[in-house]
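**Q** Sharing a structure below in structure tokens format, with a few things to ask.
The values are calculated or read from the model by the stated rules, or taken from the named source; none is laboratory data. Since the model is a prediction, treat every value here as computed from it, not as a measurement. Counting neighbours? That spans all protein chains shown, and the Cβs are built from the backbone with ideal geometry, glycine included. Surface areas here come from the heavy atoms of the whole protein model, side chains and all, with no ligands, DNA or RNA. Shrake-Rupley method; radii C 1.70, N 1.55, O 1.52, S 1.80 Å.
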Amino acid sequence: MRTLGASIRTARTLPLIIGAACLTTALTACTGGDGPTQARQTPTASTAPKLAPALSTAQARDVIARYSEINNEANADRDRRLLDTVEDGPLYAMSVSGYTEAEGLTKTDRKPYKPWSYDSADAKLFIPRLGGGQDRWFAAALSEQRGKAPSRLAVFAERPQHKRWEMVSVVDLANQDLPGIALDQDGYATVVAADGNKNLAADAKLLRIAVLDNFATGGTNTGTKVFAPTKASKEQIEVHDKTGTRYGTQGSTVFAGVPNRYTDAYALKTTDGGALVLFSHTHTQTDAIAHSGLQINPGKEDRAWLHDVPRTSIRYTFVCNDAATVPAKAEPSRLIGYTCARTDASGPPVVS
């Protein structure tokens, strides 16, 4: 049998890393009248009570510090149950896939775990004001080194049933330029609807379609129309272009979007009137031989799923987190970062 090279994973994989709460627009309550004969009045903008912050700045920094501590403990032993106390949604799925991959490696191939932590003291916090009934969450730009510019953008959401905060999403930023988040005089952010928002050039649903198109077609149909060229969007297109042709005439690689379990999205108003939108997507990468007599030999990173068994085709599933800035007017959005992790691999073995 002639063999094809091991499959290439989608760029920007991360073994740590979010699903989350849906956003709604803020609610404003009505005030009562002054007496039984006086009609109720709707409060004006000046008299309406302020929405409450999701949590205080000190509490947010405590959440980040706790995440770092518990995450280290869980990672050291690949303790899924402990990890589940500080992560949820797509991030938890991505982190568990990292555990699964490590467990498929030989002991000599496994790298010793190195403890780490986010710099909670210098984290840039974006804490929104929320109305009654809205799920509580906040975003944070994080660095693993004190004094260094943030390299990741994360979302933490409260899980009321567990009475705790958990990280549900994290994105590797393509560069260190963060969007300007609109803050009120007390330093709190404003939530906007991430889906179905007619005041934005694109919502999370359209952004997700455009990201999937970057992988599937190189951005031909939707990706390059929705997104202006950025480092992150160019990387996704490059994955399509290079991975899709690496087998030449001996095989093929096809990317496709699949139903996404993690449909929650988060959005904050930016200083230009647009929004920072954080969302997730799921896609597949299917590698296949061109004709009989060939086989695909899985790499050691695939061992946990494919067990070193040669295949005629392999279908990988990737769960990803994405972040984009969206203008208020009809102009292209900007993908500012994304992070993917393979969460599954399968395919028919070669018949001897």
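**Q** Taking the residues in segment 335-352 that are open to solvent by less than 10 Å² (accessible area, probe 1.4 Å) and among the hydroxyl-bearing types (Ser, Thr, Tyr) as candidates, determine which candidate is farthest from VAL277 (Cα to Cα).
**A** THR339
**Q** Are there any pairs, at least 6 apart or on different chains, whose C-beta atoms fall under 6 Å, with the first in segment 57-78 and under 18 Å from LYS163 (Cβ atoms) and the second in a helix (DSSP H, G or I), and if so, which?
**A** Sorted first by the residue in segment 57-78, then by its partner, the list stays empty.
**Q** Continuing with this model, one more query. Taking the options ALA210, ALA216, ALA228, ALA204, name whichever one is farther than 19 Å from THR339 by Cβ and within 20 Å of the chain's Cα centre (by Cα).
**A** ALA228
**Q** Hey, among the residues in segment 312-334 that are under 17 Å from the mean Cα position of the chain (by Cα) and farther than 15 Å from THR270 by Cα, which one's surrounded by the fewest Cβ atoms within 10 Å (Cβ to Cβ)?
**A** THR317
**Q** Still on this structure, please answer the following. Out of GLY218, GLY223, report the one residue that is in contact with a His (Cβ under 7 Å, 6 or more places away or on another chain) and at pLDDT 95 or above.
**A** One residue alone meets the criteria, GLY218.
**Q** Can you say whether LYS114 is at negative phi, outside any loop (DSSP other than H, G, I, E, B) and either surrounded by fewer than 19 Cβ atoms within 10 Å (Cβ to Cβ) or charged (D, E, K, R) (or both), as far as the supplied structure shows?
**A** No, not satisfied.
**Q** Report the residue count in segment 260-302 for those that are of a type in the set (S, T, N, Q) and open to solvent by less than 40 Å² (accessible area, probe 1.4 Å).
**A** Looking only at that region, the number is 7.
**Q** When you scan segment 142-172, how many residues do you find that are under 15 Å from the mean Cα position of the chain (by Cα) and either under 17 Å from VAL191 (Cβ atoms) or open to solvent by 20 Å² or more (accessible area, probe 1.4 Å) (or both)?
**A** 10
**Q** With respect to GLY257, determine if the residue is under 24 Å from SER97 (Cβ atoms) and open to solvent by 10 Å² or more (accessible area, probe 1.4 Å).
**A** So GLY257 fits the description; yes.
**Q** If you don't mind, another one. Sort out which residues of segment 84-107 are within 16 Å of ALA154 (Cα to Cα) and either among the polar types (S, T, N, Q) or in a helix (DSSP H, G or I) (or both), and write them in order of number.
**A** GLY89, PRO90, LEU91, TYR92, ALA93, MET94, SER95
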